[in-house]
């Protein structure tokens, strides 16, 4: 049994050797930043088909959080390609934040297909330090499929919580 495990590990090591070499020379991060948005743009189409009912249900009450301005101000952290846009309510003001600037070209395509939204901008920043976002400036924060890709989940949640707590204490 241990010989089989050793053989599987050896095969995997050989298969993954090019990735290790790219990582060693600092190229893998660049490749990933460019290729991942393209990959996600293709995968998100089928993912949304599978998750349509759940997403519609999940986002169905977003309008309940509209502030006194009468417009729902939504911040999507880790917006990626904008796969959630079609589930947001009409006239929602969307600000997108992602650490990867290469998502912007795919985001613009999703916005063209989502003319029911008002787009306030795309910010390149880390989710654990959202300094470009003013405190209490958003009604809702959305982040889907994000926790697995941030180095400090607690810091992200703290950013969201503090902003939410400050906003709610002002009402």
Inset, instruction - Sketch the reach of a paramagnetic label on residue 134 as a point 7 Å from Cα along Cα-to-Cβ, and name the residues of the stretch 26-70 whose backbone nitrogen lies under 15 Å away. - result: 68-69
Legend entry - Expected 222 nm ellipticity per residue - DSSP helices of 4 or more, -39500 (n - 2.57), all of the chain, to 500: -16000 deg cm²/dmol
Legend entry - the chain, Rg to Rh (Cα coordinates; Rh as Kirkwood inverse mean 1/r): 1.07
Inset, instruction - Among 65, 122, rank each residue by its count of other Cβ atoms within 10 Å, from fewest to most, as a rough exposure measure. - result: 65, 122
Inset, instruction - For helix 153-169, report the angle its Cα long axis makes with the longest principal axis of the Cα atoms of the chain; keep it between 0 and 90° and round to the nearest 10°. - result: 0 degrees
Inset, instruction - Give me the angle, in degrees from 0 to 90, between the Cα long axis of helix 2-24 and the longest principal axis of the Cα atoms of the chain, rounded to the nearest 10. - result: 60 degrees
Legend entry - On Cα atoms only, tilt of 28-58 relative to the major axis of the chain in degrees: 50 degrees
Legend entry - For 118, 34, order by how many other beta-carbon atoms lie within 10 Å, fewest first: 34, 118
Inset, instruction - For the chain, calculate the relative contact order in percent as a whole number, restricting contacts to Cα pairs under 8 Å that are 6 or more residues apart. - result: 20 percent
Legend entry - Extension gain from residue 34 to residue 21, taking 0.36 nm per residue of separation minus the Cα-Cα distance: 2.9 nm
Legend entry - Taking 2, 149 and counting other C-beta atoms within 10 Å, the order from fewest to most: 2, 149
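Read-outs throughout are calculated quantities, based only on the coordinates presented, and are distinct from any laboratory measurement. Just so you know, these numbers come straight off a predicted model, no measurement behind them. Reconstructed Cβ throughout: ideal geometry from the backbone, glycine too, with neighbour counts over all protein chains shown.
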